[in-house]
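Structure record follows, encoded as structure tokens.
The values are calculated or read from the model by the stated rules, or taken from the named source; none is laboratory data. All figures in this text were calculated on a predicted structure; none of them were measured in a lab. Virtual Cβ from ideal backbone geometry, glycine too; neighbours counted across all protein chains shown. Protein only, heavy atoms only, side chains kept; ligands, DNA and RNA dropped before computing areas. Shrake-Rupley method; radii C 1.70, N 1.55, O 1.52, S 1.80 Å.
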Amino acid sequence: MRAVPLLLRQVRYENRSFWRNPPAAFFTIVFPLMFLVIFNLVFSDRTVEVPGGEAGISTFYVPGIIALSVIGACYTNVAMGLSFSRDQGLLKRVRATPLPTWALLGGKIAHAVVIGILLVAVVSAAGTALYDVAFPTRTLPAFALTLVIGSATFSALGLAVTSAIPNADAAPAIVNASILPLLFISDVFIPLDDAPAWLTAFSDLFPVRHFSLALQASFNPFEQGTGFEAQRLAVMAAWMVVSILIAIRFFRWESRR
Amino acid sequence: MGADESAGPAIVVRGLRKSYGHVEAVSGIDLRVPRGEIFAILGPNGAGKTTTLEILEGHLERSGGEVSVLGFDPGRPGRSLRERIGVVLQSASVDPYLTVQETVDLFRAYYPDPLPRETILELVGLSEQQRKLVRRLSGGQQRRLDVAVGLAGNPDLLFLDEPTTGFDPSARRDAWEMIRGLRSLGKTVVLTTHYMEEAEYLADRVAILVSGRIVAEGSVEELVGQGARTTIRFRVEGASPPKHLAAEPAGEEGAYMITTLDATGAVHGLTGWALEAGVELHGLTVAAPSLEDLFLDLAGSPERDGVA
């Protein structure tokens, strides 16, 4: 099969291009770590209610920042990266070659996922080293599946939102406005244990909270089962399917001014 | 599959139209480009040059008409068409964080039968820069790289959208030599330009596009031969040329200008009168018609209208 080497070549190229801009690469990796450290400092005295009991705040923030890392790498970076490539005429240019569309976009997304996995590893390692948060072992299959579905969902959302971004100048505003508020009401930045019920009901319409809570289940020290959050994963998968349909219908290869 | 078509013209266009809402960018044009020809689409900004080119490249869908590119319909661009065309867009379109060599190799890998990297870099004159990052290249070098990438797949047909816009005169000369070199490889080249000299220097045939219509088409010699006028300028002292010479005053005292389709007759009449009347013709010049004159006539330039 020719598809795999084709995709690998695109990923290798994206990867090379990524590391050629060291400041951008550096801050991509340090960004989630800064949040991890800051939140743990600010809320160091707090505990958080998790299913089965009460745990230290780090048990909340390690999976929370893992969610942030995947969302940043897949949603934010895919949408921004595609908008910039589109502005530079890169997408249009490659579309004139025999390279299949799926390989072009698939390469970008696969590379985003690779960076996401790298960030997850960095944040997990920092969680263990700095905050004594154990890396999931018994719930590892659930953790891995959640990451797979999460990165696929947020990459697909990144593709879909790129269809609505007219040009690169508008990209940061649209991407941040669409994701930042959700991060605040989805158990990523702040635990929602004191929040009104209507707010959690509202945020449950979106995939972010399902993702962070599914990850938290994997890190929950009181978890007795396998940690699979089937319902949450199903909601995320639904968002993924809708996003892919939107992207297929509305994706543009040129920016609009 | 493409064997049958390989004998036919590279491009055939009939009644091509493209509209954006109520605005018609291209209003029914016909083109026929034989293989191995360098064909220029010349026109002012906004004439529909890029729109036409992008329909041929398969980037834009047409609103009407028939188009065949290497025997394929670019409205449904498949792999077989994309493997055989090269495209150089109006603005640079390669990743700034790769080297020249990596960029060329990346694009070569997209095609089944690419040109060797060395050949490509030599053709565009970037052999010396092959290890440089794209973002460190000068504007002219980046444009050459765009052409290099367009050539990567060893295309039968190369589209160049304003290949030298923004170049200084010497870089433009170099680019022209490069494009001429492609002819010896047997490539068909279709380029757009708003530089008259560029079309004159490079193209076997030129189509002049104004407001979405082709107003003239042919070789440069044919075009300037049929439509445009020769300009004769001279100065005389103490005499005025007789009416039948149709000389118009041209600025300063005693200066005249004759514009004519019949250059031989006009020069004969003028010098005949001067000899007979014993009048000296100071600063006599006879300027052959240029594509620019024709173009300005057809494009209806405001300056021209002001003078006439």
For B:Arg213, indicate whether it is of a type in the set (Lys, Arg) and modelled with pLDDT under 90. no
Report yes if B:Asp113 is within 12 Å of chain A (Cβ to nearest Cβ), of a type outside the set (Ser, Thr, Tyr), surrounded by fewer than 19 Cβ atoms within 10 Å (Cβ to Cβ) and within 23 Å of B:Leu81 (Cβ to Cβ), otherwise no. yes
Failed item in (1) within 20 Å of A:Leu147 (Cβ to Cβ); (2) surrounded by fewer than 21 Cβ atoms within 10 Å (Cβ to Cβ), with A:Val37 passing the rest: (1)
Take the residues of the stretch B:13-23 that are surrounded by fewer than 17 Cβ atoms within 10 Å (Cβ to Cβ) and in contact (Cβ under 8 Å) with a residue 12 or more places away in the chain: which is farthest from the chain's Cα centre (by Cα)? B:Ser19
Checking the structure you have, find out if any residue of the stretch B:201-211 is more than 30 Å from B:Val23 (Cα to Cα), open to solvent by less than 10 Å² (accessible area, probe 1.4 Å) and in contact (Cβ under 8 Å) with a residue 40 or more places away in the chain. yes
Do we have B:Gly140 as more than 14 Å from chain A (Cβ to nearest Cβ), farther than 24 Å from A:Arg95 by Cβ, modelled with pLDDT under 90 and surrounded by fewer than 17 Cβ atoms within 10 Å (Cβ to Cβ) here? no
Given the criteria out of contact with any Gly (no Cβ under 6 Å at 6 or more places or on another chain), under 26 Å from B:Ser219 (Cα atoms) and of a type in the set (S, T, N, Q), does B:Thr271 qualify? no
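Conditions (1) closer than 22 Å to A:Gly89 by Cα; (2) under 13 Å from the mean Cα position of the chain (by Cα), marked per residue:
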residue: A:Ala142; (1), (2): no, no
residue: A:Val148; (1), (2): no, yes
residue: A:Ala160; (1), (2): yes, no
residue: A:Ala170; (1), (2): yes, no
residue: A:Asp187; (1), (2): no, no
residue: A:Asp193; (1), (2): no, no
residue: A:Phe202; (1), (2): no, no
Could you run through the stretch B:150-171 and say how many residues are assigned to a helix (DSSP H, G or I) and either touching a residue at least 60 places away in the same chain (Cβ under 8 Å) or surrounded by 23 or more Cβ atoms within 10 Å (Cβ to Cβ) (or both)? 2
Given (1) of a type in the set (Gly, Ala, Ser); (2) at positive phi; (3) crowded, with 21+ Cβ neighbours inside 10 Å, where does A:Gly107 come up short, assuming only one miss? (2)
Odd one out for B:Arg108 among (1) in contact (Cβ under 8 Å) with a residue 24 or more places away in the chain; (2) under 23 Å from A:Lys92 (Cα atoms); (3) surrounded by fewer than 23 Cβ atoms within 10 Å (Cβ to Cβ); (4) away from chain A (no Cβ under 11 Å): (4)
Identify, by number, the condition in (1) within 20 Å of A:Ile65 (Cα to Cα); (2) modelled with pLDDT of 95 or more; (3) over 13 Å from the mean Cα position of the chain (by Cα) that A:Ile165 doesn't meet. (1)
Going through the stretch A:176-216 one residue at a time, which ones are of a type in the set (Gly, Ala, Ser) and open to solvent by 10 Å² or more (accessible area, probe 1.4 Å)? A:Ala177, A:Ser178, A:Ala195, A:Ala197, A:Ala201
What are the residues in the stretch B:238-269 that are open to solvent by less than 100 Å² (accessible area, probe 1.4 Å) and in a loop (DSSP other than H, G, I, E, B), if any? B:Gly238, B:Ala239, B:Ser240, B:Pro241, B:Pro242, B:Ala246, B:Ala247, B:Ala250, B:Gly251, B:Gly254, B:Asp262
I need the helices (runs of 4 or more DSSP H) fully contained in the stretch A:1-101, keeping only those with at least 1 residues that are at pLDDT 95 or above, within 23 Å of A:Phe154 (Cα to Cα) and away from chain B (no Cβ under 14 Å). A:22-42, A:57-70, A:77-87
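Each row is one residue, and each column tells you yes or no for (1) in contact with a strand residue (DSSP E or B) (Cβ under 9 Å, 6 or more places away or on another chain); (2) buried (at least 19 other Cβ atoms within 10 Å of the Cβ); (3) not β-branched (Val, Ile, Thr).
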residue	(1), (2), (3)
A:Ala67	no, yes, yes
A:Ser83	no, yes, yes
A:Thr97	yes, yes, no
A:Leu119	no, yes, yes
A:Val122	no, no, no
How many residues, within the stretch B:29-64, are assigned to a loop (DSSP other than H, G, I, E, B), crowded, with 22+ Cβ neighbours inside 10 Å and within 11 Å of chain A (Cβ to nearest Cβ)? 1
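Yes/no per residue for (1) buried (at least 19 other Cβ atoms within 10 Å of the Cβ); (2) more than 24 Å from A:Asp193 (Cβ to Cβ):
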site	(1), (2)
A:Val4	no, yes
A:Thr28	yes, yes
A:Phe43	no, no
A:Val78	yes, yes
Complete set of residues in the stretch B:166-178 that are in contact with a Ser or Thr (Cβ under 9 Å, 6 or more places away or on another chain) and closer than 18 Å to B:Ser127 by Cβ: B:Ala171, B:Ala175
Of the candidates B:Val88, B:Val67, B:Val100, B:Val124, the one satisfying the condition of being within 13 Å of another protein chain (Cβ to nearest Cβ), among the hydrophobic types (A, V, I, L, M, F, W, C) and touching a residue at least 40 places away in the same chain (Cβ under 8 Å) is B:Val88
How about the stretch A:228-257: which of its residues are loosely packed, with under 12 Cβ neighbours inside 10 Å and assigned to a loop (DSSP other than H, G, I, E, B)? A:Arg256, A:Arg257
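A quick yes/no check of all residues on (1) part of a helix (DSSP H, G or I); (2) over 26 Å from B:Glu37 (Cβ atoms); (3) not assigned by TED's automatic domain parsing to the domain that holds B:Arg205:
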| residue | (1), (2), (3) |
| --- | --- |
| B:Val94 | no, yes, no |
| B:Phe107 | yes, no, no |
| B:Leu115 | no, no, no |
| B:Ala148 | yes, no, no |
| B:Arg173 | yes, no, no |
| B:Arg180 | yes, no, no |
